[in-house]
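Read the structure below first, then the notes.
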Amino acid sequence: MKVLVGVKRVIDYNVKVRVKSDNTDVDLSNTKMAINPFCEIAVEEAIRLKEAGVATEVIAVSVGTSASQEQLRTAMALGADRAILVESEDGAEPLNVAKAFAKIMEQEEVGLVILGKQSIDSDNNQVGQMLAALTKRPQGTFASKVAVDGNSVSVTREIDGGLRTVKLELPAIVTTDLRLNEPRFAKLPDIMKAKRKPLETKTFADLGVEAKQHIQLDKVEAPAARQGGVKVGSVDELIQKLKDEAKVI
Amino acid sequence: MSYQAPYKDMQWLVEQAYQTQQLGNLESLQDFDLDLANAIIDEANKFASGVLAPLNMVGDEEGCKFSDGQVTTPTGWKDAYAQFRDSGWIGLALPEEFGGQGLPKYIAQPVNEMWLSSNLAFVMFAALAQGGSEILLKFASDELKARYLTQIVTGEWTVAMALTEPNAGSDLGALTTKAIPQADGTYQIKGQKIYITYGEHDMADNIVHLVLARTPDAPAGSRGISLFAVPKYRVNEDGSCGEFNDIRCTGIEHKTGLHGSPTCSISYGDNDACVGELIGNLNQGLMAMFVLMNEARLSCGMQGVGLSELALQKALQYSKERVQGAGADGQRVAIIEHPDVKRMLLNLRSESFALRSLGYQIAALIDVTEQSDDEAAVKAAEKRIALLTPIFKGFATEQANELAGDAIQVYGGMGFVEETGIAQVMRDARITTIYEGTTGVQSKDLVHRKIRMDQGQAISELLAAMRVDIAQAPENVVNKRLSAAVDQLAQVLDTTVLSPNADLAQLDAVAVPFLNAMGGICCAWQLARLALKAQESKAQDEEFFGNVEALAEFYSAYKLPLAQAALTTVTQEQNGVDAYQF
Ligand SMILES: Cc1cc2nc3c(=O)[nH]c(=O)nc-3n(C[C@H](O)[C@H](O)[C@H](O)COP(=O)(O)OP(=O)(O)OC[C@H]3O[C@@H](n4cnc5c(N)ncnc54)[C@H](O)[C@@H]3O)c2cc1C
């Protein structure tokens, strides 16, 4: 069974995010970029499936600029067998990404797709769900446990107030939550080998996908600076402040 | 937050070193380009910050334990070692033939820096493996290579360097450990060594001791020392560990710093059953060791860089959190707003940045010597490295001590309290000016071997290179100040250091100030060059490159004058050293 994993290039979570001075976007020039942490968990899960003899091949796919090759190489250093970059200057909107994945899923006859539940840059939490809808395949989102059994996969999902386990017929789409696994560190020899693993570059057009712009980014603002706290004299005062000032109750 | 690699600095300075030494032209390095360097730096950072850094304070607090000849490393050490070994990091820059990755030094250097910053005490085995392997590669017989190299390069076994004895520290010529020839061509080793790093531990199955010893009829002094491979467990025909080789750890030191790294007293051959094999030729042990020592000195200089970086990161974070005093507008401020605190942080920042640059340039020069076919280039690089080695080792480690002190000063009283972790940096840094040759030893190496015996060739070439860079740069304060310092240095060389009539005892008395002056001028030079590059790239990243220019300015204003003052000291004839009677 082939497993497809999504790999998105995002700002490194250790880096302090800065907004461009004209508020048009986040300033990404010369910032350290990394694999989206949820995607890293997806890669780890796929590799574990391969190590367990369940997956035969792990293909890492990224939709993004040519710089995303770096993250695909990282995925291959971790253990993905090959990679596909769908090169696009801007079209990493969820629906376009989902369409690209749908095509690749079909072309590669994939048994299981593992994606991060969301990326830490745009926090959309959409691609997995859209991909399921487009391909009419079952989905198990926010996975904290994945067990493939023959023609199906059991996915334990983290939901409000507990866990829900669903059994999905393959091919299926799984999106990862934080507790699914703890990604490994790449080994040095594998980083070297990753340089020689195949990385194919395609365009939306090659895949027969028409990338459309559905979202327009109007403005990006830094969150308001945190205000200093105040000491309240009593519980009553606290309740009153929560009602009148914070307007949260 | 614990240590995070200064990724951007590393990436940019690696690129600068790569370009300055034109490594892109070297055929054998085609597969090892900057993209690979960046990928490796990235992954090494994950390991350094994720695995090694969290253990740094654990090691300091727990230390190693000794009981009944056994050394127990701190909690987590063993697992971290297994992970380090299995990830292939030990063989980073060692040949693929023996299970290494054969990476060039210019990529290995930033990786090593991360290990040294995140947990110096732990990672000392890595430099021992690197140095030990290089000795075996250069000097050992094929048989010895086959027996030991793969095991060392893959980290199955570790290496200990056994030089020092109670009466032989800086002066290794005084050592007395015996090597008695046996009929089968092996030697029986007998003697006591002290201060042997990782001479005994619980992280690997076998320890290969590289021991300096004397054969019975060897000439006295340093010409009568030979080098032996002496494993803790003898090695069977099939390569497995066999009989115990009569090597006992008799104790470990209770130290100021580096608590997590065992510093062992070792007794060889108490029961006349310690077998060693000669590495290279008889009586040429010190020569072999010197090959290693040069690398070890450079790596020790990087320890200075790594610890300075760690001190900077901690102090910077604290200075943004600690609110004390008021700014001009009367508002209470974080202490980083006070110019004097900023000055201390810039001491740390400018010096660690400049020394990192110097360290990376030296690594790239080593790549030239190892990979280039151009004989003249190789010769020039060798000379430059030989000259810079004592400067880098001595100055970077002396600075690390001073800078760790500055970092503590930034913390105020909390810096003197152990729980913040900044005092550990100072305590760990303290040894770096002592082992691998004290600063005093480095300074004499610099003045006598590297300058006077060379008749000033290498140093005039270095000065010429500085002047070319100054001439190509725009006229600004940084270059003006540097130019004046270089002129002063040239004069001091003429009148004092290279003078045929120099009083040698007098020169020894000012050798360390001279080394410090060289260090400061080399760093100011690095920053001046970098500022020029930064100016060219400014449009790409105003803040980063603007800051590089500011660092060069800061250094030329605050630190370079210290180098010039040291030069003045070098030329003062009446300095009281000779006159005073203790
Ligand atoms: C934590 C730690 C780890 C170590 N690891 C190892 C190891 O793995 N293997 C190993 O073999 N050794 C190791 N050493 C030993 C270390 O290399 C020596 O301590 C060092 O070489 C200095 O020798 P010494 O201590 O005898 O000092 P000394 O040589 O007694 O020096 C004392 C002082 O005298 C000065 N001095 C001595 N001779 C001269 C001279 N000719 N000219 C000018 N000044 C001079 C020195 O600069 C110094 O200031 C380690 C030491 C420590 C503390």
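The values are calculated or read from the model by the stated rules, or taken from the named source; none is laboratory data. Note that the structure is predicted; figures quoted are calculated from it, not measured. Neighbour counts run over all protein chains shown; Cβ positions are idealised from the backbone, glycine included. Please note that ligands, DNA and RNA were not included when accessible areas were found on the heavy atoms of the full protein model with its side chains. Shrake-Rupley method; radii C 1.70, N 1.55, O 1.52, S 1.80 Å.
Looking only at residues in the stretch B:183-197 that are open to solvent by 40 Å² or more (accessible area, probe 1.4 Å) and either within 14 Å of chain A (Cβ to nearest Cβ) or within 16 Å of the ligand (Cβ to nearest atom) (or both), which one is farthest from the chain's Cα centre (by Cα)? In this case the residue turns out to be B:Gln192.
Just one of the listed residues (B:Gly260, B:Gly304, B:Gly276, B:Gly251) is farther than 20 Å from B:Asn119 by Cβ, buried (at least 23 other Cβ atoms within 10 Å of the Cβ) and modelled with pLDDT of 95 or more, namely B:Gly276.
Within the stretch A:22-45, the set of residues being small (Gly, Ala, Ser) and closer than 20 Å to A:Val220 by Cα comprises just one member, A:Ser29.
Reported count of residues in the stretch B:198-248, each being open to solvent by 40 Å² or more (accessible area, probe 1.4 Å), among the hydrophobic types (A, V, I, L, M, F, W, C) and under 18 Å from B:Val153 (Cα atoms), is 1. Of B:Val333, B:Val341, all but one fail to be of a type in the set (Val, Ile, Thr) and free of Cβ contacts under 8 Å to residues at least 40 places away in the same chain; the exception is B:Val333.
Before we move on, is B:Ile180 under 22 Å from the mean Cα position of the chain (by Cα) and either open to solvent by 30 Å² or more (accessible area, probe 1.4 Å) or hydroxyl-bearing (Ser, Thr, Tyr) (or both)? Considered against the rule, which asks whether it is under 22 Å from the mean Cα position of the chain (by Cα) and either open to solvent by 30 Å² or more (accessible area, probe 1.4 Å) or hydroxyl-bearing (Ser, Thr, Tyr) (or both), B:Ile180 comes out as no. Across the stretch B:124-146, the qualifying residues are those that are touching a Phe, Trp or Tyr at 6+ places or on another chain (Cβ under 7 Å) and open to solvent by less than 10 Å² (accessible area, probe 1.4 Å), and the one among them that is nearest to the ligand (Cβ to nearest atom) is B:Phe125.
Among the conditions (1) under 25 Å from the mean Cα position of the chain (by Cα); (2) without any contact (Cβ under 8 Å) to a residue 60 or more places away in the chain, B:Ile431 misses just one, which is (2). Looking at the stretch A:82-104, is at least one residue out of contact with any strand residue (DSSP E or B) (no Cβ under 8 Å at 6 or more places or on another chain), within 14 Å of chain B (Cβ to nearest Cβ) and surrounded by 19 or more Cβ atoms within 10 Å (Cβ to Cβ)? Scanning the stretch A:82-104, I find no residue that is out of contact with any strand residue (DSSP E or B) (no Cβ under 8 Å at 6 or more places or on another chain), within 14 Å of chain B (Cβ to nearest Cβ) and surrounded by 19 or more Cβ atoms within 10 Å (Cβ to Cβ), so the answer is no.
To keep it simple, each residue is scored yes or no on (1) at pLDDT below 95; (2) touching a Gly at 6+ places or on another chain (Cβ under 9 Å).
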position	(1), (2)
B:Gln540	yes, no
B:Glu543	yes, no
B:Gly546	no, no
B:Ala552	no, no
B:Leu562	no, yes
B:Thr569	no, no
B:Glu573	yes, no
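For the residues B:Asp60, B:Asp79, the requirement of being open to solvent by 30 Å² or more (accessible area, probe 1.4 Å) and either away from chain A (no Cβ under 14 Å) or away from the ligand (no atom under 16 Å from the Cβ) (or both) singles out B:Asp79.
Could you give me the residue pairs with C-beta distances under 6 Å whose first residue belongs to the stretch B:283-302 and is among the hydroxyl-bearing types (Ser, Thr, Tyr), whose second residue is buried (at least 23 other Cβ atoms within 10 Å of the Cβ) wherever it lies, and which are 6+ apart or on separate chains? Hits for this filter: B:Ser299/B:Ala127.
As a summary of the residue check, A:Arg196 satisfies the conditions (1) over 30 Å from B:Leu52 (Cα atoms); (2) within 14 Å of another protein chain (Cβ to nearest Cβ) except for the one numbered (1). Of all residues in the stretch B:214-230, those satisfying the criterion of being in a strand (DSSP E or B) and in contact (Cβ under 8 Å) with a residue 40 or more places away in the chain are B:Ser226, B:Leu227, B:Phe228, B:Ala229, B:Val230.
If you check B:Leu163, B:Leu149, which single one turns out to be within 16 Å of the ligand (Cβ to nearest atom), within 24 Å of B:Lys138 (Cα to Cα) and away from chain A (no Cβ under 14 Å)? Answer to the check: B:Leu163. Would you check if B:Asp329 is at pLDDT 95 or above, among the charged types (D, E, K, R) and more than 30 Å from B:Glu418 (Cβ to Cβ)? So B:Asp329 fails the test. The set of residues in the stretch B:198-227 that are more than 26 Å from B:Thr432 (Cα to Cα) and either within 12 Å of the ligand (Cβ to nearest atom) or of a type in the set (A, V, I, L, M, F, W, C) (or both) comprises B:Ala218, B:Ala220.
Answer with yes or no whether B:Phe416 is away from the ligand (no atom under 16 Å from the Cβ) and open to solvent by 10 Å² or more (accessible area, probe 1.4 Å).
Here the answer is yes, as B:Phe416 does meet what is asked.
Of the numbered criteria (1) among the hydrophobic types (A, V, I, L, M, F, W, C); (2) over 14 Å from the mean Cα position of the chain (by Cα); (3) open to solvent by less than 20 Å² (accessible area, probe 1.4 Å), the one B:Ile362 fails is (2).
Away from chain B (no Cβ under 14 Å), in a strand (DSSP E or B) and touching a Gly at 6+ places or on another chain (Cβ under 6 Å), is that true of A:Leu168? In short, yes. Looking across the stretch B:54-84, the residues that are touching a residue at least 60 places away in the same chain (Cβ under 8 Å) and in contact with a Phe, Trp or Tyr (Cβ under 7 Å, 6 or more places away or on another chain) come down to B:Leu55, B:Gly59, B:Trp77. Of all residues in the stretch B:533-578, which are within 14 Å of another protein chain (Cβ to nearest Cβ) and either open to solvent by 40 Å² or more (accessible area, probe 1.4 Å) or assigned to a helix (DSSP H, G or I) (or both)? B:Ala534, B:Ser537, B:Lys538, B:Ala539, B:Gln540, B:Glu542, B:Glu543, B:Phe544, B:Phe545, B:Gly546, B:Asn547, B:Val548, listed by residue number.
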